[in-house]
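The values are calculated or read from the model by the stated rules, or taken from the named source; none is laboratory data. These numbers come from a predicted model, not from an experiment. Don't worry about glycine lacking a Cβ; one is built from the backbone with ideal geometry, like all the others, and counts go over all protein chains shown. Only protein heavy atoms, including side chains, enter the accessible area calculation; ligands, DNA and RNA are left aside. Shrake-Rupley method; radii C 1.70, N 1.55, O 1.52, S 1.80 Å.
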Amino acid sequence: MTDAHLSPRNIPDRLQGRGARILKSWESLLLAVAIAIFLGNSLASPYFLDPWNLSDATFNFTEKAMIAFAMALVIISGEIDLSVASIIALASTAMGYAVQLGVDTPALVAIGLGVGLVCGMVNGLLITGLGLPSIVVTIGTMSLFRGLSFIVLGDQAFTGYPESFAWFGQGYVWWVFSFEFTLFVLLAILYGVLLHKTNFGRAVYAIGNNQTAALFSGVRVARVKFILFLLTGLMAGLASICLTSRLGSTRPSIALGWELEVVTMVVLGGVNILGGSGTIPGVVLAALIMGMVTFGFGLLNVPGIVMSIFIGLLLISVIALPILWQRARRRLAH
Amino acid sequence: MKPAITLEGISKSFPGVRALSDVSLALYPGSVTALVGENGAGKSTLVKILTGIYQPDAGVIRVAEEETTFPTALAAARAGVTAIHQETVLFDELSVAENIFLGHAPRNRFGFIDWKKLNADARALLHRAGADFDPTIRLRDLGIARKHLVAIARALSVDARVVIMDEPTAALSHKEIHELYALIERLKADGKAILFISHKFDEIFRIADRYTVFRDGTMVGEGLIADVSQDDLVRMMVGRAVGSVYPKKEVAIGEPVLTVSGYRHPTEFEDINFELRRGEILGFYGLVGAGRSEFMQSLIGITRPSAGAVKLDGQVLVIRSPAEAIRAGIVYVPEERGRQGAIIGMPIFQNVTLPSLSHTSRSGFLKLANEFALAREYTSRLDLRAASLDQDVGTLSGGNQQKVVIAKWLATKPKVIILDEPTKGIDIGSKAAVHAFMSELAAEGLSVIMVSSEIPEIMGMSDRVIVMREGRIAGRFERAELTAETLVRAAAGIETQSNGRAA
Amino acid sequence: MMAKLLKNREILLVVAIVALVALIALRFPAFVTPASFARVYNDTSILIILALGQMAVILTRCIDLSMAANLALSGMVAAMLNNAFPGLPIPLVILAAMALGCVLGMINGTLVWKLNIPPIVVTLGTLTIYRGLIFLLTDGKWINAHEMSDAFKALPRLDLVGLPVLSWLSLLMIALMFLVMSRTPLGRAFYAVGGNPHAAVYTGIDVGRTRFFAYCLSGTLAGLSGYLWVSRYAVAYVDIAAGFELDIIAACVIGGISIAGGIGSVAGAVLGALFLGVIKNALPVINISPFAQMAISGTVIIIAVAVNARAEKRKGRVILRKAEAV
Amino acid sequence: ENKKIALVVKALGIGFFEAANKGAQEAAKELGDVDVIYTGPTSTTAEGQIEVINSLIAQKVDAIAVSANDTDALVPALKKAMDRGIKVISWDSGVAKEGRLMHLNPSSSPLIGNMIIKLAADNLPEGGDVAVLSASATATNQNTWIAEMKKVQGNYKGINVVATVYGDDLADKSYRETQGLIQSYPNLKAIIAPTSVGIVAAAQAVTDAGKIGQINVTGLGLPSEMAGHVKSGASKSFAIWNPIDLGYSATMIAYDLIGGAEAKPGAELKMGRMGTVKLDDNNEGAMADPFVYDASNVEEFAKIF
Ligand SMILES: Nc1ncnc2c1ncn2[C@@H]1O[C@H](COP(=O)(O)OP(=O)(O)OP(=O)(O)O)[C@@H](O)[C@H]1O
Ligand SMILES: Nc1ncnc2c1ncn2[C@@H]1O[C@H](COP(=O)(O)OP(=O)(O)OP(=O)(O)O)[C@@H](O)[C@H]1O
Ligand SMILES: [Mg+2]
Ligand SMILES: [Mg+2]
């Protein structure tokens, strides 16, 4: 401590070591929940602990999780994007349309990603350019984007995707590791680094905690938000490629209602819906939890809606319990 | 005479701040009591306790000698205590009449709000407050002065025995102030007890009958106005003679660094021209709402001026965003610390390094070691008190938060630093630290603009002073010709005795 | 004068609706008959009632995503009640649906008030829970027309002076809400809490409790709508009105109710709902593919927010004296 | 060890499928060594059905009999099931050929297409305008029947199909679409709704519009749901096959396939008390003729399904 003389009091960098911080974090709570669910599932069904079955189960969440990563950043910055599921539909419709024109797989991928980007750009321009509230804008574009696919498709479906296109949703990279799952892992790392290790990620947190102060501090608020909506659109495009490939067909009702599931995943992952806090590991764990709950209940042939009750209760209670716990502690202290 | 209301042994603490300790106060019917004290002395806190917004930690309130408590704002109003609060606590989207009566609107016999009566009553109340405008228009369409009149009318809408006014004249013009004085006279005649809070001594001596002085949350003196002089009051407020405490260093003022010419904005300010020199501390004085903050924010690209030019070191600059301002070397320490300065929810070190990330990081990736080093360097120079650098700034006391905010901007190594009310709401010790630091910066060759509404601070720290009034420059003064009176006259627009060179 | 009128959101909406109807009339003149208007109004009645409840919640700076799920659950319970006790007077069934709706709203309100959980998270959670409860209650089974008593199905259709009871009920709700919003302290508190929660405390308003009451109101109206929906379409199942929450919010947004709270009116909510209703009813009539409806309402929502946001935009503070005079 | 046969339906809770389950359970009882898993998503989406199918694959069921929400989207999942040795058939609403061993039509599509227009025409001796209210855009069978119906339209003189609208198998949407039809076509004489949700909603809308006697609602519906409307006169007659028989037959066929029977063009598969089904070139077979219900018999069948 060479500069100790500068200050009458030497302020340490951190009070707690890394271990203590991790132990007290939301993520460790989620990890505990995830492990409990994993154990519960293994006990409840003899089919759960089978590598191929587990691999199949990952399809329940990988596409949603891809979007959830970008959505986490959007929500941390204090905004929300409810149009993601509709972007999937529009991107899928565009790809299906292109197939009719005889386009090959690489071009299809480009079209899926491109439509996602354009949709994200529309959201971004409306929100950051005109300064409109994101929740309303994306409710609007949610109808608009899916509405466009309905206009194109009506009650029809696009099928006939090229053989090679099937790989994105049905292919395996190695052994039981599907392309989607591998992509999920790669994106988790990518977004983790982006949010937690870069200046950009820091700016996202700053905007979410106090947008005005961030602006005064020289953060380019509008630009960062614009990029976030672009990223979300891009991820929705990517998810659209995977889902379309997995289904092998496009209907305008594809991925209906996914936006709320993605938001649930993000909030369950410990991201504050009001912005300012949250982590990618949390979202990853939430994705795993939601995937395992769906799969575990599915193995017991429990209807999907019962799972959603469970997820709904989980969502409210993981937020309510810490609050109640703190209150109880304060009352005891008095 | 029996007091209308008495407070005994009231204490109130906030996390990290003891706002009031063991203060007592009595208000008498038909008499105006002036409450004076420096910023942060605890005056507004007392008002909030009297009106049921805050609950005291200790102490008793007696209304007409009867012990009582005010658990809610409504309870206080029922007991006959009403207040014009310092912050405007009004609703932009509601009509003027409704703002006046929200919470106690007149009802008809079915229990529904009687709009006809409400509007008529509102008109009458506005008239009593000296304002004759239509009470059915929406509040957002009013200027700040009229909003204050609405707040006054709201206070009158309760049949009160105690009327509290927390800096009611801060945003009023000359004419409206005189109408307020007349109103206070009438209230006095009606036998109301009035608590009047103001930083303006002339009006205190004009309308108050009694005084109470607060310093750092304690009561340090009270008595009849007739028995004291202005100097006595100031000495009680500050605890020492003013003028000697400011650690202003004499610095050789250098060449012009920043030149602003012809700055104007459609509604906020116009005709702003001045030069800032190396090593200089340029004070900007004015009443609240004079438009100083707005002008300063246009300098860093928050708002866009409609005309005007800025030169930094002789080079013409176009600044479109704070990011560009920071890169050019102009930084602004904002007035509203909570909203524009500190990023509550983020650790101290991240607050400090936010505008400097491009220096501490490598190709866009964070380097935590560099960040901690930078944060430690600047926070320790400002004598920050904190448990650790990764503590949330929200857990710090106001003064320490302000230090973090100042450190944040200094860490960008600017050429020009604009401090908007840098010591607002911080304690005397921290204030001294900030002042000392400001002096040191100027001595190092930095150019400082200091916006302040505190005359002692302006007088103690500035090399030169520019006074703004209603969006225009109303006077310029060299250090040698500064007196409190000339500043006040220029700020309030009283032209009788033109000491300053009016612009 | 004209410019000032056009600044008024409600009048702008009326103009938009009239223009829309005129446009439809060009292609299908029969749309512009009293009978046709009455039919469109009747068809929009439920959306209007729901939009009124959502309006109260949005005014307090909250949001209720669970309204459609609440409707479905209350409606199902009303149908089950009727099915189990066909003799039970229908007003009692309606009261039961409203009471249940109110309780569901109170659950939302309590979580928002006492635990301070963000409204969007609360209602996102209860949205799935309420719908799931229907499934648990019924095992997913439908209640069909033949399982409902005739009285149960007849009430909303009953013709009273030329309009069905359903329409009268929505008119009654509009009148009641108008009274509540403009003439009661609670209604004004909704505005105050959403407009400036911090200042509301100074006027003696309990912010959390006011929000709680807003949720009670939206819940009660959802409960009423539950009965109306189920009896009108003569069927109850888990998925009724699925996704309708977004239509409700869209109606409010089109009606100029600011999602940031504090701004909006009963007339706005009603007109917003009517606007959507006219579009919904007109499309099949004028032979625009029903598939275009979604894109159209999306575009309308975006235009509506953009217009409203422009009207609300602050032009900076007026400090210069001459500027204030203008 | 009992054989596990999964009966996957479009969505849980729909009366038609509940009845099919009854038939499946009947078949299981008859066979003795079969467990029927009755399952499906809670709303009619392909994604939901895929999740259900994935968990059935994981449970290593012996056969899956599915009524599909989407012809194509289920194919990859079902292919995977077949790769893992599961016998997959579709019934009621089929999947594309690659995704199943065989498809059991409740009746032959031409028969149904003919039946629905015949029901309308029988009550319109002078002919007139009729409209079609179809189900969800993603359902396959309705579109096939309507196509078949249009093929034979010429046989019915004076019958004029003026529009086809979609109620998405949602009660409220079907209701509103019917209202739109009544408005747009003042001379409408009949509405054909080949969907059990749509026909009820259409009958309700016709009743509410006071058009009983002027507009006849017909198509495919469940006796229990339609009994009231037949009584009121909103619907003179309608048709349906017996869903109990359908569930029963699907289970029986699945069992036959598990037992080693091969599904190939020309093959005959056993359906217990329903006899056998003969597969065509597409590996599709029809169970039986649709059955017509009217005022004379609807009450009796309303008690059953
Ligand atoms: N809600 C609060 N939370 C934390 N600290 C507070 C709060 N309200 C006031 N304080 C602190 O209490 C002290 C007294 O504040 P108060 O507003 O009463 O001062 P004042 O005398 O009215 O000052 P001024 O002249 O600037 O209006 C200050 O240090 C202030 O920062
Ligand atoms: N039209 C208005 N409506 C509401 N509040 C206002 C209005 N004008 C001014 N104020 C209040 O007055 C305060 C100071 O106003 P402003 O920043 O415009 O002036 P200033 O000259 O910078 O004054 P100071 O820096 O001394 O506060 C603001 O914090 C704001 O709360
Ligand atoms: Mg104060
Ligand atoms: Mg200011």
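Okay, here's what the table says:
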{"quantity": "Tally, over the range B:311-336, of residues that are open to solvent by 70 Å² or more (accessible area, probe 1.4 Å) and within 16 Å of ligand 3 (Cβ to nearest atom)", "calculated": "1"}
{"quantity": "Residue check for residue B:35: within 16 Å of ligand 3 (Cβ to nearest atom) and more than 14 Å from chain C (Cβ to nearest Cβ)", "calculated": "yes"}
{"quantity": "Positions within the range B:359-380 being facing chain A (nearest Cβ under 7 Å), surrounded by fewer than 19 Cβ atoms within 10 Å (Cβ to Cβ) and small (Gly, Ala, Ser), in sequence order", "calculated": "B:364"}
{"quantity": "Checking residue A:250 against (1) more than 30 Å from residue B:353 (Cα to Cα); (2) more than 14 Å from chain D (Cβ to nearest Cβ); (3) open to solvent by less than 20 Å² (accessible area, probe 1.4 Å), the condition it does not meet", "calculated": "(2)"}
{"quantity": "Wholly enclosed helices (runs of 4 or more DSSP H) of the range A:12-105 bearing at least 2 residues touching a helix residue (DSSP H, G or I) at 6+ places or on another chain (Cβ under 9 Å)", "calculated": "A:26-44, A:51-58, A:62-76, A:84-100"}
{"quantity": "Residue count for the range D:189-200, restricted to those that are touching a strand residue (DSSP E or B) at 6+ places or on another chain (Cβ under 9 Å) and outside any strand (DSSP E or B)", "calculated": "6"}
{"quantity": "Of all residues making up the range D:270-305, the number that are closer than 20 Å to residue D:233 by Cα and either open to solvent by less than 80 Å² (accessible area, probe 1.4 Å) or of a type outside the set (Ser, Thr, Tyr) (or both)", "calculated": "12"}
{"quantity": "Positions within the range B:272-299 being more than 16 Å from ligand 3 (Cβ to nearest atom), farther than 24 Å from residue B:443 by Cα and assigned to a loop (DSSP other than H, G, I, E, B), in sequence order", "calculated": "B:286, B:290, B:291"}
{"quantity": "Pick from the range D:222-260, criterion polar (S, T, N, Q) and outside any helix (DSSP H, G or I), ranking: nearest to the other protein chains (Cβ to nearest Cβ)", "calculated": "D:235"}
{"quantity": "Residue count for the range A:293-333, restricted to those that are within 14 Å of chain D (Cβ to nearest Cβ), within 22 Å of the chain's Cα centre (by Cα) and polar (S, T, N, Q)", "calculated": "2"}
{"quantity": "Among the residues listed as C:63, C:134, the single one being over 29 Å from residue C:163 (Cβ atoms), within 14 Å of chain D (Cβ to nearest Cβ) and either touching a residue at least 12 places away in the same chain (Cβ under 8 Å) or buried (at least 21 other Cβ atoms within 10 Å of the Cβ) (or both)", "calculated": "C:134"}
{"quantity": "Residue in the range B:337-360 that is under 26 Å from residue B:452 (Cα atoms) and within 16 Å of ligand 3 (Cβ to nearest atom) present", "calculated": "yes"}
{"quantity": "Those residues of the range B:107-133 which are open to solvent by 10 Å² or more (accessible area, probe 1.4 Å) and closer than 28 Å to residue C:9 by Cβ, in sequence order", "calculated": "B:112, B:114, B:115, B:116, B:117, B:119, B:120, B:123, B:133"}
{"quantity": "Single unsatisfied condition, residue B:24 versus (1) away from ligand 1 (no atom under 15 Å from the Cβ); (2) modelled with pLDDT under 90", "calculated": "(2)"}
{"quantity": "Sole residue being part of a loop (DSSP other than H, G, I, E, B) and either within 12 Å of another protein chain (Cβ to nearest Cβ) or crowded, with 17+ Cβ neighbours inside 10 Å (or both), chosen from B:386, B:442, B:433, B:407", "calculated": "B:386"}
{"quantity": "Test: residue D:288 is among the small types (Gly, Ala, Ser) and modelled with pLDDT of 90 or more", "calculated": "no"}
{"quantity": "Test result for residue C:76, modelled with pLDDT of 95 or more and within 14 Å of another protein chain (Cβ to nearest Cβ)", "calculated": "yes"}
{"quantity": "Whichever residue in the range B:253-303 is among the hydroxyl-bearing types (Ser, Thr, Tyr) and within 16 Å of ligand 2 (Cβ to nearest atom) and, among such residues, is nearest to the other protein chains (Cβ to nearest Cβ)", "calculated": "B:267"}
{"quantity": "Residue list for the range D:173-188, restricted to those being part of a helix (DSSP H, G or I) and open to solvent by 30 Å² or more (accessible area, probe 1.4 Å)", "calculated": "D:173, D:176, D:183"}
{"quantity": "Candidate set from the range A:294-315 (those that are more than 28 Å from residue D:7 (Cβ to Cβ) and either open to solvent by 20 Å² or more (accessible area, probe 1.4 Å) or in contact with a strand residue (DSSP E or B) (Cβ under 7 Å, 6 or more places away or on another chain) (or both)); member that is modelled with the highest pLDDT", "calculated": "A:313"}
{"quantity": "Close pairs (6 angstrom Cβ cut-off, 6 or more residues apart or separate chains): more than 14 Å from residue C:221 (Cα to Cα) and in contact (Cβ under 8 Å) with a residue 24 or more places away in the chain in the range C:68-89, crowded, with 18+ Cβ neighbours inside 10 Å and acidic (Asp, Glu) anywhere", "calculated": "C:83/C:147"}
{"quantity": "Criterion (open to solvent by less than 10 Å² (accessible area, probe 1.4 Å), under 24 Å from residue A:73 (Cα atoms) and more than 14 Å from every other protein chain (Cβ to nearest Cβ)) met by exactly one of A:112, A:140", "calculated": "A:112"}
{"quantity": "So residue A:286, is it open to solvent by less than 10 Å² (accessible area, probe 1.4 Å) and facing another protein chain (nearest Cβ under 9 Å)", "calculated": "no"}
{"quantity": "Test for residue A:189: is it more than 14 Å from chain D (Cβ to nearest Cβ) and buried (at least 19 other Cβ atoms within 10 Å of the Cβ)", "calculated": "no"}
{"quantity": "Only listed residue being away from ligand 2 (no atom under 16 Å from the Cβ), assigned by the TED database to the domain that holds residue B:133 and touching a helix residue (DSSP H, G or I) at 6+ places or on another chain (Cβ under 7 Å), chosen from B:42, B:30, B:80", "calculated": "B:30"}
{"quantity": "Out of B:415, B:424, sole residue that is within 16 Å of ligand 3 (Cβ to nearest atom), away from chain A (no Cβ under 13 Å) and open to solvent by 30 Å² or more (accessible area, probe 1.4 Å)", "calculated": "B:424"}
{"quantity": "Some residue of the range D:208-221 being of a type in the set (Ser, Thr, Tyr) and assigned to a helix (DSSP H, G or I)", "calculated": "no"}
{"quantity": "Candidate set: the range B:221-243, residues that are modelled with pLDDT of 90 or more and among the aliphatic types (A, V, I, L, M); chosen: the one surrounded by the fewest Cβ atoms within 10 Å (Cβ to Cβ)", "calculated": "B:226"}
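For (1) more than 11 Å from every other protein chain (Cβ to nearest Cβ); (2) modelled with pLDDT under 90, each residue gets a yes or a no:
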{"site": "D:53", "(1), (2)": "no, no"}
{"site": "D:67", "(1), (2)": "yes, no"}
{"site": "D:77", "(1), (2)": "no, no"}
{"site": "D:91", "(1), (2)": "yes, no"}
{"site": "D:102", "(1), (2)": "yes, no"}
{"site": "D:107", "(1), (2)": "yes, yes"}
{"site": "D:122", "(1), (2)": "yes, yes"}
{"site": "D:126", "(1), (2)": "yes, yes"}
{"site": "D:140", "(1), (2)": "no, yes"}
